[in-house]
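The values are calculated or read from the model by the stated rules, or taken from the named source; none is laboratory data. Since the model is a prediction, treat every value here as computed from it, not as a measurement. With ideal geometry, Cβ positions are generated from the backbone for all residues, glycine too; neighbour counts draw on all protein chains shown.
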Amino acid sequence: MSARGVAVLLSWLSCCGLAVWRYYSKSPDYRIFSTRSIIGLEYDGTSFTEWSVPETCNVIDKRFPVTELRCPSPGVYAVKPIVVGSEEEERYLFVASSHICFLWYYRVRHFFNNLTQSIIVWAYDPENAVAEELDGSAEEPSINSEVLSTQMATLGQKPTIYTILKRKVYLSNEKMKKGTWNIEIPMTIEDALKEIRGNQVIFQDCFIADFLILLTFPMLTIPEIPGYLPISSPPGSQLIAFRDTCIFACVVLVTDRETFQTNDSFRTWTRVRVPPDILSDDERQNVTDVILSRDGVIFYINGVLYLKSFRGFIKMGRTINLPDDGIAGISSRKWCWVKYLFKAEGRRSNLAVWTENEIYLGYILFKFARLVTTTELKNILNLPVTATVTIHSVQYTGHPLEIAVFLNYCIVCTITKKIFLVIYNEDTKQWISQDLTLDAPIDSVFIPHFMFSALPELILWDKHSIYYYFNNFTFTGILQTPAGHGNLSMLSNGSIIHEVLIDYFGNILVKMENNVMFYSKINIGDAIKLHLWTSNTTKAWIFLNTSGHTYFLYAFDDDVIQTQDYPLHLEAKSVTFKAKDKCPYMAFHNNIAHLLYFLDKGEALTVWTQIVYPENNGLYVIMESYGPKILEVRHNISFEVAFGYCTKTLLLTFYQKINYEGTDDYFGMVFQIAVGCDNKKFIAVKGFSKKGCPRHDFSYVIEKSYLRHPLSKNLKVRYNWKEYGCPLRLEFTEKFHPLVQLFDDNGYVKDVEANFIVWEIHGRADYSFNNTMAQSGCLHTAQTWNSMIKLNEHLPLEEVWGPENYKHCFSYGIGKPGDLNQPYEIINSSNRNHIFWPMGHSGMYVFRLKILDPNYSFCNLTATFAIETFGQIPSSSVYLVASFLFVLMLLFFTILILSYFWYMRIYRRYINEPLHKAPRKHKTN
């Protein structure tokens, strides 16, 4: 934070409340905290005397409450303010020795016309940067940064953007302009986690640190409309906030004065206001929960849901299949899952709404459907009819397809009740009761939050305590402080729990309403009280920024929003240093690069983990699975001891032993390893594309006699260029053998060696295959299109034959004997089976190809390609022509001879008989 920002923030925070002191670094998120760093010290209170700092560190003026400190040697330094009349807490600052001195700065330009983003990058030195670079608002590099970037470029520096999930690389293809590099990347949701990396270039013994960012499609904020009124929480209440699950920079904040929305972690923000004619003043000032979605902001007010979107402000009720009132709560997903395996028909929900007796699930575009009622749950769970069951809360778990339902259960509901948990899987549609039962007062309310973990793990909290359920509910209890208190309010001057922040690394941060904070980790039953960072009267919330670091958000009475980086890692190390706690291991490494792996048929996954720890500590690595037991696991452990340290490596190989031949439904899933179809996988036939031919549709006619099922007239077909691409032109004499290739969203994977079949999608049958069944090695008649059509007359052509009913012909025990001289209609990459064409006519063939091997893939892999045959129609046989001419000549001479005799007969007749006879003379009497 810049000095100007510190002064402004300090003036706001010092208005009232308990005295606190803090430190800061010019490096954003405290990324660089080393001997080169200037450490700012600030005391927020009265009766300040001076700073107590080690003699080895240099301080500008220790009598000033706001000053600067520099420690030239690495180490742990105790620092605290000396105050008249009280003893302030001491912090231990861990000053490192590092050659990382510079950072990457970036800004983004969005181009919606081609869905790309332009990343403008430059290097800067935090210790010599301008205020705009430190607070993230700079549009161009400062003079110092421009000079630094240019100098680094001459030494060979050039930034590159790496994507963490898909391992893609984007380079700068343009020359440096005014000390900046420009990198073009596509907009994406599935590959949002990126890192700016540079070459290993050193300047003044310093490197540039890699910079992790979260970059996806931009999310627009709802614009303010003149004349609209504020919507807020009840007067005097604490802040209410919600952060987008996948886009950390998108946040909605509700104060007791206004509602704010941001898409850049509150560097800028807009006010969310509502029309004046829908809510009363009391309703507008009674927001008790808020949800941010891609379609708008949802407010929970007096048991009713309201939606503020770009289209307006509406009440969410029966028009979208929700109750008009009586809603007890709403929740959404807490963890970002852009890839998951969903077998069932339909879609995965992203919102859960519940009343005391009903649960509704919401999908995109706010389409809701009722999931279950408590009456139905009593039957599903076999609960007594006399029991009273109500819904306590509904939350999404760490599993991408599961929903947790907490139920209130009691027989005589006067003093106490039991809270127990059931989990619903949206894919399998199954309800599973979990080993969680909590006895609680009848009016108690608990807030659950599931961890990002392989096994079901969660914490519950009420106003005073944190209940944990780790390791699939086998490690449970109440979070305890070193003083032995499970009631955190006792260590917070009676304040109650306001917020619990859990990140992807298992850090648990508990903030009380008076800003006292406690820190813990997943699978640990203890918590430590952190140093006080801000005044107990300041309204604050803790968020994660786009780099995964924590920051405070302050809301002041004059509607000013201010952010401040919070060094959680340094603060935790300071407290644990006083407690003399040590990490039991030195290093823990693994090669797990993705959150979700897909295992298709025949594939295996090998991962390794390695832990290094002091000798005799007895540490080990365990692997536990959650989900259907459909994978085999092979373990291999290696062990090495050297120089007092042990190195233990665990090698795990996940594989399948199932033969899927003849299986109708082959599917399974385990958490983080999905056994099934990756929907990004597809096949294509090599040599076909949409380039090199005119881009237009056209029509052609297929002779009716060429069809598999002849029609009464010729078939007219329209060629869809967008779907079929460019046809491959072949002469009649050329045979064709398709070479199939496998691709995913990263490009080419490998050639497909499995069996496949082809068929002409418009029903043509005037082609054949050059191999016979006997030539292919069949021991009985193989499956053919004609035989499969007869067996499945009720199915369309594309479904009569596939991996689900494939049977090979290479065993005496399968199939029936018959004529093995028939064409063999199954192709693979090595059997040299080709398609050949009729010689008497040209034609257009549109083929569909399907993988036939039942052990190749869970996906229904198909590809479409087109072939146009041409050539000179061959001349007729010489013998046929000679025969035809002979018959023609014989017919000619026969007619000639017959005509000769016919005319001779006439000639002879008229020679013997004159043509004109003289008239007879009649005698006269």
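Checking each residue of region 525-541 against the condition of being modelled with pLDDT of 90 or more, under 32 Å from the mean Cα position of the chain (by Cα), surrounded by fewer than 19 Cβ atoms within 10 Å (Cβ to Cβ) and under 30 Å from S495 (Cα atoms) gives at least one match.
In the set I278, I291, I330, I298, only one residue is β-branched (V, I, T), in contact (Cβ under 8 Å) with a residue 24 or more places away in the chain and assigned to a loop (DSSP other than H, G, I, E, B); that residue is I278. Of all residues in region 35-60, those satisfying the criterion of being of a type in the set (A, V, I, L, M, F, W, C) and either surrounded by 17 or more Cβ atoms within 10 Å (Cβ to Cβ) or not in a loop (DSSP other than H, G, I, E, B) (or both) are I39, L41, F48, W51, V53, C57, V59. Note on region 130-241: enclosed strands (runs of 3 or more DSSP E) holding 2 or more residues that are surrounded by 15 or more Cβ atoms within 10 Å (Cβ to Cβ) and under 29 Å from the mean Cα position of the chain (by Cα) are 160-163, 181-186, 193-197, 211-214. L605 meets the stated requirement of being within 25 Å of P400 (Cα to Cα) and modelled with pLDDT of 75 or more. Filtered by the rule that a residue be surrounded by fewer than 22 Cβ atoms within 10 Å (Cβ to Cβ) and of a type in the set (G, A, S), region 492-521 gives G494, S495, G506.
Condition check for I622 on (1) over 29 Å from the mean Cα position of the chain (by Cα); (2) of a type outside the set (D, E); (3) closer than 30 Å to I432 by Cα: one failure, at (1). Sub-6 Å Cβ pairs linking a first residue in region 521-539 that is closer than 15 Å to F470 by Cα to a second residue that is exposed (fewer than 15 other Cβ atoms within 10 Å of the Cβ), at least 6 apart or interchain, are G525/G477, ordered by first then second residue. When region 472-491 is examined, which residues are found to be surrounded by fewer than 17 Cβ atoms within 10 Å (Cβ to Cβ) and either of a type in the set (S, T, Y) or assigned to a loop (DSSP other than H, G, I, E, B) (or both)? Within region 472-491, N472, F473, T474, T476, P482, A483, G484, G486, N487 meet the criteria.
How many residues, within region 586-616, are among the polar types (S, T, N, Q) and either under 25 Å from N855 (Cα atoms) or surrounded by 11 or more Cβ atoms within 10 Å (Cβ to Cβ) (or both)? Can you show your working first?
Start the filter on region 586-616 by keeping residues that are among the polar types (S, T, N, Q), which leaves 590-591, 606, 609-610, 616.
Filter again for either under 25 Å from N855 (Cα atoms) or surrounded by 11 or more Cβ atoms within 10 Å (Cβ to Cβ) (or both), leaving 590, 606, 609-610.
Going through region 586-616 one residue at a time, the tally reaches 4.
Residues in region 820-831 that are closer than 22 Å to T869 by Cα and under 41 Å from the mean Cα position of the chain (by Cα): E825, I826, I827.
Applying the set (1) outside any helix (DSSP H, G or I); (2) over 44 Å from the mean Cα position of the chain (by Cα); (3) of a type outside the set (A, V, I, L, M, F, W, C) to H794 leaves exactly one unmet item: (2).
Which is farther than 22 Å from S293 by Cα, surrounded by fewer than 21 Cβ atoms within 10 Å (Cβ to Cβ) and either touching a Pro at 6+ places or on another chain (Cβ under 7 Å) or without any contact (Cβ under 8 Å) to a residue 40 or more places away in the chain (or both), of T355, T390? Steps first, answer last, please.
On the way: T355 fails: farther than 22 Å from S293 by Cα.
Result: T390 is the single residue among T355, T390 that is farther than 22 Å from S293 by Cα, surrounded by fewer than 21 Cβ atoms within 10 Å (Cβ to Cβ) and either touching a Pro at 6+ places or on another chain (Cβ under 7 Å) or without any contact (Cβ under 8 Å) to a residue 40 or more places away in the chain (or both).
V297 falls short on exactly one of the conditions (1) touching a Pro at 6+ places or on another chain (Cβ under 9 Å); (2) of a type outside the set (G, A, S); (3) modelled with pLDDT of 95 or more, and that condition is (1).
Within region 769-791, can one find any residue that is assigned to a strand (DSSP E or B) and either assigned by TED's automatic domain parsing to the domain that holds I826 or under 19 Å from F682 (Cβ atoms) (or both)? Yes, region 769-791 has at least one match. Against the numbered list (1) closer than 21 Å to M623 by Cα; (2) more than 30 Å from the chain's Cα centre (by Cα), L458 comes up short only at (2).
Taken over region 765-786, the criterion of being among the hydroxyl-bearing types (S, T, Y), buried (at least 17 other Cβ atoms within 10 Å of the Cβ) and more than 14 Å from F810 (Cβ to Cβ) is satisfied by Y767, T784.
Would you be able to tell me the number of residues in region 542-557 that are small (G, A, S) and modelled with pLDDT under 90? Break it down stepwise before answering.
Applying the first criterion (small (G, A, S)) to region 542-557 yields 547-548, 555.
Keeping just the survivors that are modelled with pLDDT under 90 gives 547-548.
Of the residues in that region, 2 qualify.
Quick check on this structure: which one of T259, T319, T268, T245 is of a type in the set (S, T, N, Q) and buried (at least 21 other Cβ atoms within 10 Å of the Cβ)? That would be T259, the only listed residue that is of a type in the set (S, T, N, Q) and buried (at least 21 other Cβ atoms within 10 Å of the Cβ). Just name the residue that is nearest to Y468 (Cα to Cα) out of those in region 393-441 that are in contact (Cβ under 8 Å) with a residue 24 or more places away in the chain and aromatic (F, W, Y). Applying the filter and picking the extreme gives F406.
Of all the residues in region 542-569, those that are part of a loop (DSSP other than H, G, I, E, B), over 28 Å from the mean Cα position of the chain (by Cα) and over 17 Å from R271 (Cβ atoms) number 2.
What are the residues in region 575-617 that are in a loop (DSSP other than H, G, I, E, B) and within 30 Å of K529 (Cβ to Cβ), if any?
Here is the first cut: in region 575-617, the ones in a loop (DSSP other than H, G, I, E, B) are 579-586, 591-596, 600-604, 615-617.
If the condition is that a residue be in a loop (DSSP other than H, G, I, E, B) and within 30 Å of K529 (Cβ to Cβ), then A579, K580, D581, K582, C583, P584, Y585, M586, N617 are the ones that fit.
Would you say S625 is surrounded by 13 or more Cβ atoms within 10 Å (Cβ to Cβ) and touching a helix residue (DSSP H, G or I) at 6+ places or on another chain (Cβ under 8 Å)? So that I can check it myself, show each step before the final result.
Numbers: surrounded by 13 or more Cβ atoms within 10 Å (Cβ to Cβ): yes; touching a helix residue (DSSP H, G or I) at 6+ places or on another chain (Cβ under 8 Å): no.
So S625 fails the test.
Scanning region 799-849 for residues that are within 14 Å of T772 (Cα to Cα) and not in a loop (DSSP other than H, G, I, E, B) yields P823, I827, I835, F836.
Comparison of R107, R63 shows that the only residue that is in contact (Cβ under 8 Å) with a residue 12 or more places away in the chain and in a loop (DSSP other than H, G, I, E, B) is R63.
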